[in-house]
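Coordinate-derived values only; no laboratory data. Being a predicted model, the structure only gives us computed values, none of them experimental. Because the Cβ atoms are built from the backbone with ideal geometry, glycine has one as well, and the counts that use them run over all protein chains shown.
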Amino acid sequence: MSTQKTWTEVDDYFNSQLVPEKDAMNEVLKSNSEAGLPSIDVSAAQGKMLHVLAKIKGAKRILEVGTLGGYSSIWLASALPKDGRLITLEASEKHAQAARRNIENAGLKEKVEILLGPANKTFPSLAEKETDPFDFVFIDADKRNNPSYIKWAIDLSARGACIVVDNVVRNGEVVVKDSQDPDIEGIRDMFDILSNEPRIDSTAIQTVGSKGYDGFLLAVVK
Ligand code: SAH
Ligand code: DHB
Ligand code: MG
């Protein structure tokens, strides 16, 4: 029988073989826990997957929605070339402060900009200010606003851009049609949008691991 214990052991095994970066990255998690941040960062294996995807894409301009303490931001930004840039949107001043410190410690200060404020407020100003489109987007904030975030992501992306949305399975709750949970409603409304969105090609993959049973959406802008 496959259980949480097994999923964690398998993640630990893969990480010990394939993710040497995890030890430095654990410092970020330690500092986040000391600052009282919730441990809802992506797992090490998922962080490394984002890093690998950004490299496959050759991403130069990454957009992230939901910074927390910068754990996923650092995985992504460390895949950027010298002149690459990551902009990450975060509503909480406390989270942004922790992220700023971690990003600086990781030597990535020059590449990363944190935009503070609810993403529905910062997206419009970003759209006005930023002229170059993004080639990689990671959406991982308040799931109830996923419908709005996926639309902004498509609008601000270049052709061929890769879009990843975290936590689209939520322990299987995504199939609860009449869910009263606004986050599940947000995820389901996003899938409704995607079922009828000609500008991107998408799939969604279920995952198990040290962070339980969840999954991610993977899409490419046509
Ligand atoms: N991507 C991070 C985890 C993000 S957790 C990682 O894997 O390391 C989700 C984050 O979204 C939290 O920090 C939360 O404060 C932020 N958030 C919640 N609502 C938001 C909103 N409306 N706009 C921007 N960020 C928001
Ligand atoms: C939550 C958010 C996340 O981004 C995640 O990966 C896990 C949990 C949450 O808000 O509970
Ligand atoms: Mg997440």
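At 222 nm, what helix-only mean residue ellipticity would the chain give, in deg cm²/dmol to the nearest 500, using -39500 (n - 2.57) for each DSSP H run of four or more?
-13500 deg cm²/dmol
So, by mean Cβ neighbours within 10 angstrom, what's the order for 175-183, 85-93 with the highest one leading?
Values: 175-183: 11.2, 85-93: 21.4.
Order by mean packing, descending: 85-93, 175-183.
Rounded to whole Å and sorted largest first, list the principal axis extents of the Cα atoms in the stretch 30-121.
Principal extents (Cα only, largest first): 34, 29, 24 Å.
Report, by chain and number, residues whose modeled amide H sits under 5 Å from the one on ILE139, excluding near sequence neighbours (fewer than 5 apart, same chain).
VAL65, VAL164, VAL165, ASP166
Could you work out the Rg to Rh ratio of the chain, with Rh taken as the Kirkwood radius (inverse of the mean 1/r over all Cα pairs)? Walk me through the numbers on the way to the answer.
Working: Rg = 16.7 Å, Rh = 17.7 Å.
Result for the chain is an Rg/Rh of 0.94.
Quick query: amide H of LEU86 versus all other amide H atoms, modeled in the peptide plane; which residues come in under 5 Å with a sequence gap of 5 or more or a different chain?
Correct list: ILE62, VAL112, GLU113.
Please report, in whole Å, how far the alpha carbons of the stretch 117-203 spread along each principal axis, starting with the longest.
That gives 40, 29, 19 Å along the principal axes, largest extent first.
How far, in nm, would the chain grow between ASP155 and LYS129 when pulled straight, counting 0.36 nm per residue and subtracting the alpha carbon separation? Let's see the in-between values first.
Numbers: separation 26, 0.36 × 26 = 9.36 nm, distance 1.38 nm.
Extra length from ASP155 to LYS129 when fully extended: 8.0 nm.
Once the piece of chain linking GLN17 and GLU104 is laid out straight, how much longer is it, given 0.36 nm per residue of separation minus the C-alpha distance between them? Write out the running numbers ahead of the final one.
Details: separation 87, 0.36 × 87 = 31.32 nm, distance 2.75 nm.
Residue separation times 0.36 nm, minus the Cα-Cα distance, leaves 28.6 nm.
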